[in-house]
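Engineer: Could you have a look at this structure, given as structure tokens, before my questions?
The values are calculated or read from the model by the stated rules, or taken from the named source; none is laboratory data. Fair warning: this is a prediction, and the values are worked out from it, not measured in the lab. Heads up, the Cβs are rebuilt from the backbone with ideal geometry, glycines too, and the neighbour counts pull from every protein chain shown.
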Amino acid sequence: MSYVNQILNEVKSKDSHEPEFIQTVTEVLSSLEKVIDCHPQYQEAQLLERLLEPERIVSFRVPWMTDEGKYAVNRGFRVQFNSAIGPYKGGLRFHPSVNQSVMKFLAFEQIFKNSLTGLPIGGGKGGSDFNPKGKSDNEIMRFCQSFMTELYRHIGPNLDIPAGDIGVGSREIGYLYGQYKRITGDFCGVLTGKGLTYGGSLIRTQATGYGIIYLANEVLKARGRSLKKKKLTISGSGNVAIYAAEKAIELGASVIAMCDSNGFIYDKEGLDISIIKEIKEVGYGRIREYVESKPKAEYTEGFKGIWNIPCDIALPCATQNEIDLESAKMLLKNKCWMVCEGSNMPSTLDAMSAFADAGILFIPSKAANAGGVAVSALEMSQNSQRLSWPSEEVDCRLKNIMAEIYQNMAVAAIKYGKSSQDFITGANVTAFLKVADAMMEQGLV
């Protein structure tokens, strides 16, 4: 049995209660067989065993009080997975699905995503099973303050710099930052995704969505194609989905369908993203409200059917495992020829295999959505210098980072015997080698 398969079996046995973590480990290790063969020193140093164990997991209770004066308690987590190439960096997620397996999967993915950016940031992730939906601003503030009252002792601008994720937007970051500053008295870049009035970066809100489109455009340009007149289906309607849609439309594409957790909207003539922004960003409404402004559009309950709409390019930007094998077959049947993952691990392993067998262009999330954390790292740089860069500079840096990710993926895939179109191998190998070599050079860590 090969070293990679041996380690994978050990993880499946040891962490059998953590399916999301096993899934991401399987996806990464399956790409590394030849890399390990070419670098026997990694096996000698038992590097994979060390890489697959988080450096630290912090678990804590988060007590808070409702507006009715009742006590409530949630679980909080911070997984500090790997700091070989820099301080831990990764978002905080507030969602009922949060548990240790989900946190470990996200933190493990973050190691490689951060490595791909070329910036000096390690991998971490955190969050809580708290659900912000239906809560008042005061309840969310009290929860965030309680959460930070424990978390503050485990983070710092040179140790661990959290950001936002699902359920954690600018409002939550503001409450978290205010409590950190209140406790420590330290005004520093300990969180990213901050408001522009207190150290945030221009383009940060748009960065993940824009980055997806910049990378997709690089892939298409290398093949003599473009986004112009292509029909896109995008799941989700948060920041990632909205700004991916905005940038795609700007580059000439037509976004024909989007969704939220209740259902999806479809307009064969193309959606008006300004209306969706008004509904979701200003009014915190549901996407079904779109048809009130555009009665020719169709709304369908249940979001999964969105993958049955014929399109050229699919951008899953909602949550993990939203595309299963059945959904993948729907997309392929309807002639979808490119999938660019916006959310973290949105495709199951079976779905990824189906896409690979069909030979379509498939860009994994750790590469496609790296633009968000890249601009977070740029925000850290601005905070360190006490500067604020203009949006044009941040956007230019983001474009260059995404272009470099594409080039590195294509080169790595070819170097290790794969097609330049095998972006799964290209992304995993590129990211792994940087982290692995840093770990080797730092000794027993």
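Engineer: Could you pull out the residue among I401, I405 that is buried (at least 19 other Cβ atoms within 10 Å of the Cβ), modelled with pLDDT of 95 or more and under 19 Å from G193 (Cβ atoms)?
Structural biologist: Working: I405 fails: under 19 Å from G193 (Cβ atoms).
One residue alone meets the criteria, I401.
Engineer: So, in segment 73-90, exactly how many residues are in contact (Cβ under 8 Å) with a residue 60 or more places away in the chain and either assigned to a helix (DSSP H, G or I) or out of contact with any Leu (no Cβ under 8 Å at 6 or more places or on another chain) (or both)?
Structural biologist: Taking segment 73-90 first, the residues in contact (Cβ under 8 Å) with a residue 60 or more places away in the chain are 74, 76, 78, 80, 82, 84-85, 87-90.
Checking the rest, the ones that are also either assigned to a helix (DSSP H, G or I) or out of contact with any Leu (no Cβ under 8 Å at 6 or more places or on another chain) (or both) come to 74, 80, 84-85, 89.
So the answer is 5.
Engineer: Moving to a separate point now. Run down L176, L227 and say which single residue is in the same structural domain as E289 (by TED's automatic domain parsing) and crowded, with 18+ Cβ neighbours inside 10 Å. Reasoning before the result, please.
Structural biologist: On the way: L176 fails: in the same structural domain as E289 (by TED's automatic domain parsing).
Just one listed residue meets the conditions, L227.
Engineer: Next question, about the same structure. Are any residues in segment 237-271 surrounded by 18 or more Cβ atoms within 10 Å (Cβ to Cβ), more than 21 Å from P310 (Cβ to Cβ) and touching a strand residue (DSSP E or B) at 6+ places or on another chain (Cβ under 7 Å), and if so, which ones?
Structural biologist: Selection gives nothing.
Engineer: Then there's this: Please work out which one of (1) part of a helix (DSSP H, G or I); (2) surrounded by fewer than 20 Cβ atoms within 10 Å (Cβ to Cβ); (3) aliphatic (A, V, I, L, M) is the condition A410 fails and give its number.
Structural biologist: Tallying (1) part of a helix (DSSP H, G or I); (2) surrounded by fewer than 20 Cβ atoms within 10 Å (Cβ to Cβ); (3) aliphatic (A, V, I, L, M), A410 fails exactly one: (2).
Engineer: In segment 254-307, which residues are aromatic (F, W, Y) and either modelled with pLDDT under 95 or closer than 22 Å to I166 by Cβ (or both)?
Structural biologist: Matches in segment 254-307: F264, Y284, Y290, F303, W307.
Engineer: Are there any pairs, at least 6 apart or on different chains, whose C-beta atoms fall under 7 Å, with the first in segment 34-45 and under 14 Å from L433 (Cβ atoms) and the second small (G, A, S), and if so, which?
Structural biologist: Here the result reads K34/G417; Y42/A436, each pair linking segment 34-45 to a residue that is small (G, A, S).
Engineer: Mind counting the residues in segment 40-60 that are of a type in the set (A, V, I, L, M, F, W, C) and under 14 Å from A84 (Cβ atoms)?
Structural biologist: At the first step, the residues of segment 40-60 found to be of a type in the set (A, V, I, L, M, F, W, C) are 45, 47-48, 51-52, 57-58, 60.
Checking the rest, the ones that are also under 14 Å from A84 (Cβ atoms) come to 45, 47-48, 51-52.
Within segment 40-60, residues that are of a type in the set (A, V, I, L, M, F, W, C) and under 14 Å from A84 (Cβ atoms) number 5.
Engineer: Would you be able to tell me the number of residues in segment 127-164 that are among the acidic types (D, E) and either part of a helix (DSSP H, G or I) or modelled with pLDDT under 95 (or both)? Working first, answer last.
Structural biologist: Initial filter on segment 127-164 (among the acidic types (D, E)): 129, 137, 139, 150, 160.
Now narrow it down to the ones that are either part of a helix (DSSP H, G or I) or modelled with pLDDT under 95 (or both): 137, 139, 150.
Within segment 127-164, residues that are among the acidic types (D, E) and either part of a helix (DSSP H, G or I) or modelled with pLDDT under 95 (or both) number 3.
Engineer: Between V168, V190, V240, which is in contact with a Ser or Thr (Cβ under 6 Å, 6 or more places away or on another chain) and either at positive phi or not hydroxyl-bearing (S, T, Y) (or both)? Before the answer, list the steps.
Structural biologist: Working: V168 fails: in contact with a Ser or Thr (Cβ under 6 Å, 6 or more places away or on another chain); V190 fails: in contact with a Ser or Thr (Cβ under 6 Å, 6 or more places away or on another chain).
Sole residue among the options that is in contact with a Ser or Thr (Cβ under 6 Å, 6 or more places away or on another chain) and either at positive phi or not hydroxyl-bearing (S, T, Y) (or both): V240.
Engineer: Checking the conditions here, which among S376, S381, S420, S388 is at negative phi, outside any strand (DSSP E or B) and at pLDDT below 95? Walk me through it before giving the result.
Structural biologist: On the way: S376 fails: at pLDDT below 95; S381 fails: at pLDDT below 95; S388 fails: at pLDDT below 95.
Only one candidate passes the filter, namely S420.
Engineer: Let me ask you something else. State which residue is surrounded by the most Cβ atoms within 10 Å (Cβ to Cβ) when the search covers only segment 272-322 and only residues that are of a type in the set (K, R) and either closer than 13 Å to S237 by Cα or not assigned by TED's automatic domain parsing to the domain that holds L349 (or both). Don't jump to the end; show me each part of the working.
Structural biologist: Of segment 272-322, the ones of a type in the set (K, R) are 277, 280, 286, 288, 294, 296, 304.
Now restrict to residues that are either closer than 13 Å to S237 by Cα or not assigned by TED's automatic domain parsing to the domain that holds L349 (or both): 277, 280, 286, 288.
Working: K277: 16, K280: 22, R286: 15, R288: 17.
The selected residue is K280.
Engineer: While we're here: Please go through (1) touching a helix residue (DSSP H, G or I) at 6+ places or on another chain (Cβ under 7 Å); (2) surrounded by fewer than 16 Cβ atoms within 10 Å (Cβ to Cβ); (3) among the polar types (S, T, N, Q) for S16 and return the number of the only condition it doesn't satisfy.
Structural biologist: Only one criterion in (1) touching a helix residue (DSSP H, G or I) at 6+ places or on another chain (Cβ under 7 Å); (2) surrounded by fewer than 16 Cβ atoms within 10 Å (Cβ to Cβ); (3) among the polar types (S, T, N, Q) is unmet by S16, namely (1).
Engineer: Which one is nearest to the chain's Cα centre (by Cα), of the residues in segment 270-322 that are assigned to a strand (DSSP E or B) and touching a residue at least 60 places away in the same chain (Cβ under 8 Å)?
Structural biologist: Kept after step one, since they are assigned to a strand (DSSP E or B), are these residues of segment 270-322: 298-301, 313-316.
Remaining after also requiring touching a residue at least 60 places away in the same chain (Cβ under 8 Å): 313-316.
On the way: I313: 19, A314: 16, L315: 13, P316: 11 Å.
Per the criteria, the residue is P316.
Engineer: Being free of Cβ contacts under 8 Å to residues at least 40 places away in the same chain and either out of contact with any Phe, Trp or Tyr (no Cβ under 6 Å at 6 or more places or on another chain) or aliphatic (A, V, I, L, M) (or both) is the filter here; which residues of segment 347-358 pass it?
Structural biologist: Here is the first cut: in segment 347-358, the residues free of Cβ contacts under 8 Å to residues at least 40 places away in the same chain are 347, 350-351, 353-355, 357-358.
Within segment 347-358, S347, D350, A351, S353, A354, D357, A358 qualify.
Engineer: Further question on the same structure: Of the conditions (1) of a type in the set (D, E, K, R); (2) part of a helix (DSSP H, G or I); (3) surrounded by fewer than 24 Cβ atoms within 10 Å (Cβ to Cβ), K366 fails just one. Which one is it?
Structural biologist: Of (1) of a type in the set (D, E, K, R); (2) part of a helix (DSSP H, G or I); (3) surrounded by fewer than 24 Cβ atoms within 10 Å (Cβ to Cβ), only one is false for K366: (3).
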